[in-house]
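Structure first, then comments.
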Amino acid sequence: MSAPPRRRKKQAEEPEHDNHERWLVTYADMLTLLMVLFIVMFAMSQVDEAKYHALKSGLADGFGAESSIMSGSTSVLADDLAEKGPEYVSTQAFQAMPADQQKLVMDAVTAEERRRQQAQYAEAEAEAKRLQAVRRELMKALRRAGLQHDVFTAIDERGLVVSLVSRHVVFEPNIARLSRRGERVVDTLAPVLREVTNALRIDGHTNQEPVKPKYFATDWDLSAARAVTVLRRLNEVDEVPKKRLSLSAFGHERPLIDPDVEGSQEINKRVDIVVLPETSFEATQLIDDVLSARPGGQG
């Protein structure tokens, strides 16, 4: 009896070899796509002006329209450049333009700048007129109370400045508390100030006497305390909304009149109520020019 055939020993299966460099394929594909993307973007940015105008004319003719219908493209470009400002166009790009396009761009920039200046001047003119109306109402109220000489008013780039001068003892020397007459002045102004929508800034000032205040560390402290006194009176007694109120302190640095003038110290010791303009910064700077150009000036 023959022996059974030997079974072949099953060969051990070799483990599959891992390809650790497969990521290179994905990376190379990504780089290729990026390169294609940049080539396409570069190609799109290079506009052949002659071909563009040929296409524009062809489309216009094809739709049976006058070529002038699409001629607005150049002026739209010029308007866009004017809106962004002349600095948007580099010198090199501007010089590369044909002369007629350069003129269009410069004309558009000039027209836009003129329009902005006119708009700012009109804004300043309207605000100056409104502040003058507020001043008339304030002076009318003061005259009714016989207090018109306790206040000096002016309109400048700060706005309408109502100065509570000390000719009739609004503040006593070294004191931040309003006198009885000073309280009457503030209370008389308040109803008009309450009706306007402008923000109000209260500026405190001292006179220029080279003497340290008796009850305060410096002139800054005394001027700030005087401003706080008027601000609190307007808010707590006269019900001017606190969100419209702010204050500044100037010590003796901003006299109203020349300190060398006799009697100036009584006037420079004061608090200013400033009705701030509701205009842009550029328009606010033009208010002085508007008033100077008017017959009668600030009157």
Near pairs, Cβ below 9 angstrom, 6+ apart or cross-chain, from region 271-290 (over 30 Å from Phe171 (Cβ atoms)) to any residue that is aromatic (Phe, Trp, Tyr) | Ala283/Tyr121; Leu286/Tyr121; Asp289/Tyr121; Val290/Tyr121
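Is it fair to say Leu247 is in contact with a helix residue (DSSP H, G or I) (Cβ under 7 Å, 6 or more places away or on another chain) and closer than 18 Å to Val186 by Cα?
Numbers: in contact with a helix residue (DSSP H, G or I) (Cβ under 7 Å, 6 or more places away or on another chain): yes; closer than 18 Å to Val186 by Cα: yes.
Spelling it out, Leu247 is indeed in contact with a helix residue (DSSP H, G or I) (Cβ under 7 Å, 6 or more places away or on another chain) and closer than 18 Å to Val186 by Cα.
From the list Asn198, Asn174, which one is touching a Pro at 6+ places or on another chain (Cβ under 6 Å) and touching a residue at least 40 places away in the same chain (Cβ under 8 Å)?
Asn174
Can you tell which of Leu231, Leu291 is under 27 Å from the mean Cα position of the chain (by Cα), in a helix (DSSP H, G or I) and closer than 17 Å to Leu189 by Cα?
On the way: Leu291 fails: closer than 17 Å to Leu189 by Cα.
Residue meeting the stated conditions: Leu231.
A quick yes/no check of all residues on (1) within 18 Å of Lys242 (Cα to Cα); (2) modelled with pLDDT under 95; (3) in contact with a helix residue (DSSP H, G or I) (Cβ under 9 Å, 6 or more places away or on another chain):
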residue: Ala176; (1), (2), (3): no, yes, yes
residue: Arg181; (1), (2), (3): no, yes, yes
residue: Val185; (1), (2), (3): no, no, yes
residue: Asn198; (1), (2), (3): yes, no, yes
residue: Ile202; (1), (2), (3): yes, no, yes
residue: Pro210; (1), (2), (3): no, yes, no
All conditions in (1) in contact (Cβ under 8 Å) with a residue 60 or more places away in the chain; (2) assigned to a helix (DSSP H, G or I) are true of Leu256 except (2)
Given (1) under 20 Å from Glu137 (Cβ atoms); (2) surrounded by fewer than 17 Cβ atoms within 10 Å (Cβ to Cβ); (3) not β-branched (Val, Ile, Thr), Ser280 misses just (1)
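Could you say which residue among Ser264, Ser292 is open to solvent by 50 Å² or more (accessible area, probe 1.4 Å) and at pLDDT below 90? Break it down into steps so the answer makes sense when it comes.
On the way: Ser264 fails: open to solvent by 50 Å² or more (accessible area, probe 1.4 Å).
Going through Ser264, Ser292 in turn, the sole match is Ser292.
The values are calculated or read from the model by the stated rules, or taken from the named source; none is laboratory data. What you are looking at is a predicted structure, and each value in this text was computed from that prediction instead of being measured. For neighbour counting, all protein chains shown are included, and Cβ atoms are generated from backbone atoms with ideal geometry for every residue, glycine included. Remember, those area values only see protein heavy atoms, side chains included, never the ligands or the DNA or RNA. Shrake-Rupley method; radii C 1.70, N 1.55, O 1.52, S 1.80 Å.
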